[in-house]
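Each remark here refers to the structure printed beneath this line.
The values are calculated or read from the model by the stated rules, or taken from the named source; none is laboratory data. This is a predicted model, so every value here is computed, not measured. Positions of Cβ are backbone-derived with ideal geometry, glycine not excepted, and every protein chain shown enters the neighbour counts. Side chains are part of the model used for accessible areas, which takes the heavy atoms of the whole protein and leaves out ligands, DNA and RNA. Shrake-Rupley method; radii C 1.70, N 1.55, O 1.52, S 1.80 Å.
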Amino acid sequence: MSSTDSGYSATDIITYIGVPLAVLGVLPILYNTVATLAALSKIKRMLRHGRLTALTRSDVVNRVIEVELPRYAVTPCDRFAETELYWQPSRQRSFIPGGSWTTFNWQARAIGAKTQRVEYADQLRQPQVEVAFDKLIAYLLDLGAVPDAHGWKLLRSTGLWTPTGCSLMKSPDGYHEALTIAPLDDSDGHLSLKANWSSDWTTRDFSSLPPYWIRLPPPLVPEPADIDDVIDTAGEASTSQEVTCAEDVEMGLKKKEESLSSKQSLDSVQKQADKVSRSTIICQISVDGLVSAMSQEDGALFSSANLQNLYVEPLRIRSGKTDGVWFASVATAYGTTSQTILWNYKIPDEILNFARRDTVPCGVLVLLGVADESQTPEWSTSYNVQEEASELFFRRSAEQRTAIMAEARMPPPQRESAARERMQREMAQRMQDMRDRSRLENQRREARTSEALQSPKWDTKLVAEHNLRWLRERKESSTSFYVGGDTSLALRDVVGMLLHRMVLDGQFASSIFKMLDLWKAWADNGGMRRSDLEALQKDREVFAFASLLVALVRDTVTAHEGTLSLDLQECLRMWKTVRLG
């Protein structure tokens, strides 16, 4: 039976059966198109909300969306120039997975781009950023975060196998996690971290001293002399001399004006120098030693408006010179205590070993007048000089009496001749006795010096205690650095004042560094020599200052195995750069 007989034509069959089938075949494509466009719209909305710049492409047939996002290297904002950004969390946080780094404000630099192929908006991931691990931890510590000892110990022992979600830093109250281990999906072999912070957790502010910085107190100096009176007197004297010469009145007026202007300039410079010398100095110490130093007025906030940069180039670490190494080592010893968690600079082992050795003979301190011989072990040969002088006097007196008695039995002419000969002989004998006594004193002095150089050696802490007492008792100072008689000032306090003076006075610092180099040289070369002793006798005060610095380095607290400080430092050493997201 034909289609005509059944009542359906070929056109009807195509219309009622073929067209629906064709529509059903196109529906998946239409669905993919709608779904892709919807996902793309959601992705763009997420990118706009996170203030992210991205390049998007979509394939509606295959239901694929390509998103190209930039990858950044970031560093914390400048603490002094960008105060508000530094202390406040970001107002435009991204809630896309991998974007936890947008919690904070950063100085960012694009280092590349990452292209993702996703089907759904939930699959979108924001590229993690690269950040220096030590700067990240220092920033969080500056905000008030608290290290998690268990997390750092686990990270040090297991490395990249540390479980995801392990806490490294916590909020100040200890109830929230500020820095945790993140999945390694986008880390490319780097340590992957996730950050979290709230403005309510910030417990520190701009007035707090940031990590890696130390504060040096101004030294105890007498009231500065008022140079105004001196300059005024000089000006009046010069003016009176000029007025006396009628022919040089005009020249005198010009000189007076020049003297007044130079006086004002000198006053300004002197006042500024006095102001800095009375101000607290803050220094930043990095892994490479001293970075910068700034003066801060007492009571002023720790802000860029109240800070003045100081010239510290001679105190930086440079090849071929040890000045920067000495300063950074002493500053580290001054700035670190048993409570210090994070510190950049590591004191060289050779300096630590030198500071902890017994290198100064106690007899040398006696010769320098720093210690009393009764305070030292027996090291020198004792002589009874008074008994020797008495014995010589009695012997010469007996010889004189014998000669006088012999002269009395002589006739008068011979007696006078014998008396003259006796007086000449006694005069020659007295001169010979003086020469013998001087030669003997020189021999004994040389022997005493040799014995002093071979005397038992004291450790640097004991040497520093005697030098500190000597500095407090001395009446005059060749360096104008006064310790004062206040015994409540501990050795650490005096060292802080010394470092303050060394930052401002390059010549003073150089003299101490030379003494430290000399000291270390004789310690490494088998002991002190006469030339070393002569150098100490010339600069006893500088040696006393150097001993205080070495004693503080000797007492530096080193982190013990298993402590939080050592675990944290070791982790920072292993991972210089991390991925944050």
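Here VAL287 and ASP205 are evaluated by their C-beta separation; at R0 = 30 Å the FRET efficiency comes out at 0.70. The C-alpha radius of gyration of segment 319-361, expressed as a fraction of 2.2 N^0.38 Å, stands at 1.30.
Taking 0.36 nm per residue of separation and subtracting the current Cα-Cα distance, fully stretching the chain between ILE111 and GLN537 would add 147.3 nm. The residues ILE317, ILE65, sorted by heavy-atom accessible surface at 1.4 Å with ligands and nucleic acids left out, run ILE317, ILE65 from largest to smallest.
Were the residues from LEU184 through GLU68 laid out at 0.36 nm apart, the gain over their Cα-Cα distance would be 39.8 nm.
Between the amide H of ILE317 and those of LEU290, distances stay under 5 Å, these residues lying 5 or more places away or on another chain, with hydrogens modeled in the peptide plane. When the surface is traced with a 1.4 Å probe over the full set of protein chains, TRP470 keeps roughly 40 Å² accessible. Put a dot 7 Å past the Cα of GLU421, heading toward its Cβ, do the same for ASP122, and the two dots end up 13.3 nm apart.
Net length available on complete extension from TRP379 to ASP349 is 7.6 nm, with 0.36 nm assigned per residue and the Cα-Cα distance removed. Estimated at the nearest 10 Å², the accessible area of GLU350 is 110 Å² with a 1.4 Å probe. Note on exposure: LEU37, LEU491, LEU471 ranked by accessible area (1.4 Å probe, complete protein assembly) read LEU37, LEU491, LEU471, with the most exposed listed first. In the complete set of protein chains, residue-level accessible area for SER319 is approximately 120 Å², probe 1.4 angstrom. Here the contact order of segment 125-175, divided by its residue count and restricted to Cα pairs under 8 Å and six or more residues apart, works out to 41 percent. Listed cross-link partners LYS114/LYS194; LYS170/LYS346; LYS153/LYS461; LYS42/LYS153; LYS321/LYS576 are compared with a 30 Å cut-off, the Cα-Cα value being larger for LYS153/LYS461; LYS42/LYS153.
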